[in-house]
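Here the structure comes first, spelled out in structure tokens, and everything after it is commentary.
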Amino acid sequence: MAQKTRKAIAKRIKVTGTGKVRRWKANHRHLLRNKSQKQKRAMRQDHSLGEGQARQMLNGVPHA
């Protein structure tokens, strides 16, 4: 039987053409008044996962 995709993971990551795993920063929904402009600017960018974390995420998304 084929492994199912873990949708919670699939919605939060993106695999690039070169095989890197990208994710978006958290804490950018509300309570933004308390955060500095530098923090908010950094949260707009997506970031690469490390090698170990990327491997864990891709285990949950077998068809990526």
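The values are calculated or read from the model by the stated rules, or taken from the named source; none is laboratory data. Computed from a predicted structure; not experimentally measured. Using ideal geometry, Cβ is built from the backbone for each residue, glycine included, and neighbour counts are taken over all protein chains shown. Surface areas here come from the heavy atoms of the whole protein model, side chains and all, with no ligands, DNA or RNA. Shrake-Rupley method; radii C 1.70, N 1.55, O 1.52, S 1.80 Å.
Here are a few things to note about the model shown:
- Couplings 3J(HN,Hα) of region 24-36, computed from phi: 9, 6, 8, 6, 10, 9, 8, 6, 7, 4, 7, 9, 6 Hz, in residue order, whole Hz [Karplus 6.51 cos²θ - 1.76 cosθ + 1.60, θ = phi - 60°; x for Gly and Pro].
- Helix 51-60 axis, angle to the chain major axis (alpha carbon atoms, nearest 10°): 60 degrees
- Within region 2-64: Cβ-based charge dipole about Cα centre, in debye rounded to nearest 20 (Lys, Arg +1; Asp, Glu -1): 400 debye
- The calculated 222 nm mean residue ellipticity attributable to helices in the chain amounts to -8000 deg cm²/dmol, summing -39500 (n - 2.57) over DSSP H runs of n ≥ 4 and dividing by all residues.
- When only Cα pairs below 8 angstrom with a gap of at least 6 residues are kept, the chain shows a relative contact order of 43 percent.
- Annotation: amide H-H contacts under 5 Å for Arg12 (H modelled 1.01 Å from N, sequence separation of 5 or more, or interchain): none.
- Rolling a 1.4 angstrom probe over the chain with all protein chains present gives an accessible area of which 48% lies on carbon and sulfur atoms.
- Ratio of the Cα radius of gyration of the chain to 2.2 N^0.38 Å, where N counts its residues: 1.34
- A straight chain from Arg22 to Thr5 at 0.36 nm per residue would run longer than the Cα-Cα distance by 4.4 nm.
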